[in-house]
1. Under a straight-distance cross-link criterion of Cα-Cα below 18 Å, which aspartates and glutamates are reachable from K40, leaving out those fewer than 8 residues away in the same chain?
2. If a/c stays under 1.5 just call it rounded; otherwise compare a/b with b/c (prolate if a/b is bigger, oblate if not). Do that for segment 3-240, with a ≥ b ≥ c from the square roots of the Cα gyration tensor eigenvalues.
3. What are the membrane-span-like helices in the chain by this rule: whole DSSP H runs, Cα extent along the axis at least 30 Å, mean Kyte-Doolittle hydropathy at least 1.0?
4. If Lys and Arg each add +1 and Asp and Glu each add -1, what is the summed charge of the other residues whose beta carbon sits under 15 Å from the beta carbon of K110?
5. Taking the simple approach of a point 7 Å from Cα along Cα-to-Cβ for both D194 and E172, what is their distance in nm?
6. Take peptides 131-142, 160-171, 111-122 and line them up by average Cβ neighbours within 10 Å, highest first, as a rough protection proxy.
7. So for the chain, taking the charge dipole from beta-carbon charges (+1 Lys/Arg, -1 Asp/Glu), which of L14, T167, L84 sits furthest toward the positive end?
8. Excluding residues on the same chain fewer than 8 positions from K239, give the lysines whose Cα lies under 16 Å from its Cα.
Amino acid sequence: MTRDDARNKIIFALDVPGMAEVTKWAGLLSNKVGMFKIGKQLFTACGPEAVRAIRQAGGEVFLDLKYHDIPNTVAMATLEAARLGVQLCNLHALGGYEMMATSMETLRSKCGEQRPKVLAVTILTSSNQETLAEIGIETPIREQVVRLAKLAQRAGVDGVVASPQETSLIREACGSDFLIVTPGVRPAFASVDDQKRIMTPADAVSAGADYLVIGRPISAHADPVQACDLIVDEIVAGKAGL
Ligand SMILES: O=C(O)c1cc(=O)[nH]c(=O)n1[C@@H]1O[C@H](COP(=O)(O)O)[C@@H](O)[C@H]1O
């Protein structure tokens, strides 16, 4: 794998409070990562302006608002995400088949090929068997994640967000064309924070991840540009060692 291929797999989680930080990080990392993820914090603070700023700086956007609502509401929200020109957006697989299928049918009929790829969030990487039991999910995590991935695929969704720990199982169950995006990625130099089901960048890519979502290991590093380079080193070395 080339360094460019490895860099393009990195989605930087732009978990920041305002436009000043958007400008700062877009300037610093545009040539160092493949995409910027705008999530609930930044979108709540700044809205579509943040998406437009990244796109104007030449960056691609993953709009991570994890929609989970009645089918019509999610379908209409997904359509608005498409109108913003984002490359990826997501919804919660736990919203169920009808919610996912309605959203995909709406996108396909209104946008044709000019639409974002949609990802279904399976089980958050901050969950483990114990925290799932608290909300009444007793199924083993791996089984539950594969079940949700297959449901999303049947509903026409393009891929999933899942822990790298489940990536190879999803690949096996859903095939090579199904996108797998993995947060919960922790390079050797970074702290675990609130993530529970983690892996290193090299192991996540080796397991079959298409993209790695990485936030604090880059943003909290003393030298974020160097952090990106170290992550690319890890991925390239990992692939070379296979
Ligand atoms: O959908 C996501 O991106 C997501 C799903 C998930 O299961 N776990 C998860 O951490 N995320 C997001 O991925 C990012 C991870 O950030 P760091 O833990 O700082 O690398 C955050 O912006 C989370 O919102």
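Please treat every number below as a calculation from the coordinates, not as lab data. In this text the structure is predicted, and so the values were computed from the model without any measurement. Cβ sites come from the backbone with ideal geometry, for glycine too, and all protein chains shown count toward neighbours.
1. D15, E21, E49, E60, D64, D69, E80, D194
2. Oblate, since a/c reaches 1.5 and b/c is not below a/b.
3. Values: long enough: none.
Once both thresholds are applied, nothing remains.
4. Working: positive: R83, R108, R115; negative: E80, E105, E113.
It works out to a net charge of 0.
5. That separation, rounded to one decimal, is 3.2 nm.
6. 160-171, 111-122, 131-142
7. With unit charges placed on the Cβ atoms, the residue in question is L84.
8. K9
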